[in-house]
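Here's the structure, in structure tokens; my notes come after.
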């Protein structure tokens, strides 16, 4: 016999022994537990139910608090369940509700046990099985046990009845057809005077209404009565939750409930009820001005309360009200802004959201500035929270609230220099986006980018790499606005760029290429204008360059910053000398030479492009300065052609591309996209594989540009690498300080001090006061008299940007449940629920009625209130007959829509009718919606 | 709907864990760990709410209360009122206090079954059914009596049947 012997049973450890042992063990908790589990596995096979149940209890304990799987014991749990003893049953039910789920294989075996206990005369046994059912019921269990639950719904024992009511929620959810059996009794219980029962029913309806409120609109009169008459805070809260859902569906209902809710708000002393009223008003009754004012007054009380909970909830309520009634926020702005420095992170974030809700185009600059200053001094997490919300607020609706883009771009630059900033990606996107969309901001963008690029310390911060890539791109793309391209070039090629990841480095190199081309073409243009004979080519390049300057001029004049223009212009025109060009070329060769062999394809390819271009132009440029005039002209022309070509290629502006742009390209005639590429194989077979990788890399690019200098490049490569290495070595000797150990770029420590170190770690509260003062002015909706300039044009894309925020249609998840409820409510009007005692002869109830002993329990008197409410008077409410709302159907229901004003009876019916109609023809839902809203009756008239 | 009730001590050891939807034990453990990680970082005298959506998914809220060495944590959704749940924690703790006469962590450690019985009287399948600690006490006492009675009969028959089977 493999089972445990008697000795095992006698000396079995109880749960208490196990817990004690676990606390005193010396062999380690895991080891102790696995030993205990071994014991349990043996004991649970025992034939003695006491031993078995103790083992099960221990196992439940280990599963619940030490997270050991107990699925192996599901069958044993059922065995224990069959014990006649209450204590065993209790243990079994506990174990089952811990371990059973929908796919437990033995789930179906439990049905009869549950049925037996549901019909037990012991209310605690019934309670145990209801409890278990509420936890594990699946479709089959819900279907099979619906009759039992139905009987219990009108049980005399309140203790059982309230649990039966609660279990209905799970039964409905799993088996919607049970609505037909149980719904009426459930509704009858709404009339019950006992607060416990009422609380349970209202709770169930609250859950049901959360999933699909529309089906429960016909019950509004019952809920309304509870709202007016109940004195139990818990029940009132639940009813308010239901009305929050219903009122937003039916405006007439909102009109009726607004007054009672305000009454509660004025009278109640319980904060929970008060908050619920406030929440209901701001969520669903925001059109009723007086109610909103009252609610905002209460919110204010919450905000100034000592209790951080009330403060937090006040802020949350305020954020609900903010979109529709911004005045509510501005009225409380001091409190809101002070809360930014609260010790509680929840409160800080809540107030941050509200501050951002207050931002308008007049206040955005000031609010953002103080917030950025604030972010400098706060902890990393909150700092990023602040930055994130500034970024998202400012970029909302295509930078709707930004007027001064120069300011915004410099703000972005400033934000990225904050040490804790981790919003690099978002800043990157916005910098590029603004650069493309807003033409007028480009000079400032280039200026900001230069500041970012030139700071070597920023390269050490990995969070900033994305920002730097945007800066590099912008400064290359819009290099014509740069005040000092040569400086920009140095910044792009500084040694610390090796800290960048390859894909960003590639962007750096490409930008350097653009800057180089720009410098050369400027130089050539200069030179062309000084040279006596102007060939047509030169003329053209000169013209194109001057055009770009003109646009810059206009812009700067608008800015009123003439000084910079002259400086910028004189600089570019005067100081690109022969010598500086040579230095530039040398610098590029030096910096990019080592990348010739870079393992990253992208970097390598771009570096080679640049070097190839330099090879192409350098010699001629060098020679041109030394040789005679004639030669110079000839060579200069040739070389300038190349440069001009590149310059043209780069000066084509990149516009923002709409997401749907691809769809707009018409399919050319004769292009078959759907055809299989069978013919390809034949063609491919003809093509010889390229002899070397180098060629295959180089050729496609150059062909695209129409310039074939691949041969040249390859020739130059070999010479050049020697030259470059020697130069590099020389440079290294001279500027060894700036070079990083070769091949170890990953482990380089950041020896630069972090930029923008917050030196003032001052008292945050002081800052908060400053903040209040500062925003005080900015929040006043004053119109700034003198904007420096009108808001620049923001390029918009068609459809995509204007894409309306799709209003999500409410999905009916549990179609069948709401359908069943509607069907039922439609049918219900024939049977008028008069009192909870009415016992309709159901087929299931008649069967067991005989067995059911009628208990005359002591009527359980409860105070359903929570401890703190201090309002324990429970109230027995007399039923008010409201049968008139449920009179018999008239034959005119077809025309109900036309005769909406003839009376409420017809209307009610039409809505019932509609409910059914809807549940049947769900496919036509969109059509029905509008009609439906018109025919919903005013139940409360 | 209440989603979960947890009690854990200030070292993060769970003392009570009840989830009203089935979750595999590993998931339960992870959730408790993550909740504790947030809880232990919070100062005293701050609000009792935590943004729980990152841990428990959308539409979930978390209220906790700190008593001596224990955190009492209730997770719920939008159909419960935050302050009411806070009061409910109070009810739960008061009931424990009445049951154990000055409840302390050890009472909760050693009375696994009873704690569950108490909680089950207050919350039924995620719905709050009882908010009066007197009512809860009454029911719990009845249940304990019933348990004791059914166990009292056991002692003798158990050994007797044991001997007989020999």
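Taken together, the values in this text are just the output of simple stated rules run on the coordinates, not laboratory data. Computed from a predicted structure; not experimentally measured. Every residue, glycine as well, gets a Cβ built from its backbone with ideal geometry; the counts of neighbours run over all protein chains shown.
I'd like the FRET efficiency for residue A:69 and residue A:27, computed as 1/(1 + (r/R0)^6) with the beta carbon distance as r and R0 of 25 Å, rounded to 0.05. Numbers along the way, then the final one.
Numbers: r = 22 Å, r/R0 = 0.87.
With R0 = 25 Å, the Cβ-Cβ based efficiency is 0.70.
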(message) What's the whole-number percent of alpha carbon pairs in segment B:83-124 lying beyond 12 angstrom?
(response) 60 percent
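What FRET efficiency would be calculated for the residue pair residue A:47, residue A:267, taking the C-beta separation as r and a Förster radius of 60 Å, to the nearest 0.05? Intermediate values should be presented prior to the final figure.
Working: r = 64 Å, r/R0 = 1.06.
Taking R0 as 60 Å, the efficiency between residue A:47 and residue A:267 is 0.40.
Can you compute the helix-only [θ] at 222 nm over chain B? Use -39500 (n - 2.57) per DSSP H run of at least 4 residues, normalise by all residues, nearest 500 deg cm²/dmol. Could you put the intermediate results ahead of the total?
Working: 6 runs with 89 residues, N = 166.
My calculation for chain B gives -17500 deg cm²/dmol from helical runs alone.
Over segment A:428-485, what is the relative contact order in percent, taking alpha-carbon pairs closer than 8 angstrom and at least six residues apart?
Values: 53 pairs, mean separation 26.7, N = 58.
Rounded, it is 46 percent for segment A:428-485.
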(message) Suppose the chain between residue A:583 and residue A:503 were pulled fully straight at 0.36 nm per residue; how much longer would it get relative to their current alpha carbon spacing?
(response) 26.1 nm
(message) Run the numbers for residue A:451 and residue A:16: contour at 0.36 nm per residue of separation, minus the present Cα-Cα distance, in nm.
(response) 149.6 nm
(message) I want to verify the translational diffusion coefficient of segment A:190-285 in µm²/s; compute it with Stokes-Einstein, Rh as the Kirkwood radius over Cα pairs, at 37 °C and 0.692 mPa s.
(response) 252 µm²/s
(message) Expected output is a single nm value to one decimal: the length gained when fully extending between residue A:596 and residue A:139, i.e. 0.36 nm times separation in residues minus the C-alpha distance. What is it?
(response) 157.7 nm
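Can you compute the FRET efficiency between residue A:671 and residue A:648 using 1/(1 + (r/R0)^6), with r the Cβ-Cβ distance and R0 = 41 Å? Round to the nearest 0.05.
Working: r = 29 Å, r/R0 = 0.71.
So, using R0 = 41 Å, E works out to roughly 0.90.
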(request) Would you order A:146, B:69 from fewest to most other beta-carbon atoms within 10 Å of each residue's own beta-carbon? (result) B:69, A:146
(request) Arrange the following residues from fewest to most other Cβ atoms within 10 Å of their Cβ: A:651, A:50, A:351. (result) A:651, A:50, A:351
(message) With the crude spin-label approximation of a point 7 Å out along Cα→Cβ, what separation in nm comes out for residue A:109 versus residue A:35?
(response) 3.2 nm
(request) Evaluate the distance, in nm, between pseudo-label points positioned 7 Å from the Cα of residue B:144 and of residue A:330 along their respective Cα→Cβ axes. (result) 6.1 nm
(request) Percent of Cα-Cα pairs per 10 Å bin, from 0 to the last occupied bin, for segment A:378-476, please list those. (result) 16, 53, 28, 2
(request) Jot down the radius of gyration and Dmax of segment B:2-154, Cα atoms only, both in angstrom. (result) 15.6, 52
(request) Can you pull the one-decimal nm distance between simple spin-label points at residue A:305 and residue B:101, each 7 Å off the Cα toward Cβ? (result) 3.6 nm
(request) Round to a whole angstrom and tell me the spacing of the C-alpha centers of segment B:6-74 and segment A:68-94. (result) 28 Å
(message) Within a 10 angstrom radius of the beta carbon, how do B:104, A:262 rank from fewest other beta carbons to most?
(response) B:104, A:262
(message) Below 8 Å, C-alpha to C-alpha, sequence gap of six or more: please give me the relative contact order for segment A:190-285 in percent.
(response) 28 percent
(request) Mark the label point 7 Å from the Cα of residue A:361 along Cα→Cβ and return the residues of segment A:383-414 whose backbone N is within less than 18 Å of it. (result) A:393-409
(request) Compute the distribution of all C-alpha to C-alpha distances in segment A:304-405, in bins of 10 Å from 0, and list the percent of pairs in each, rounded to whole numbers. (result) 15, 49, 32, 4, 0
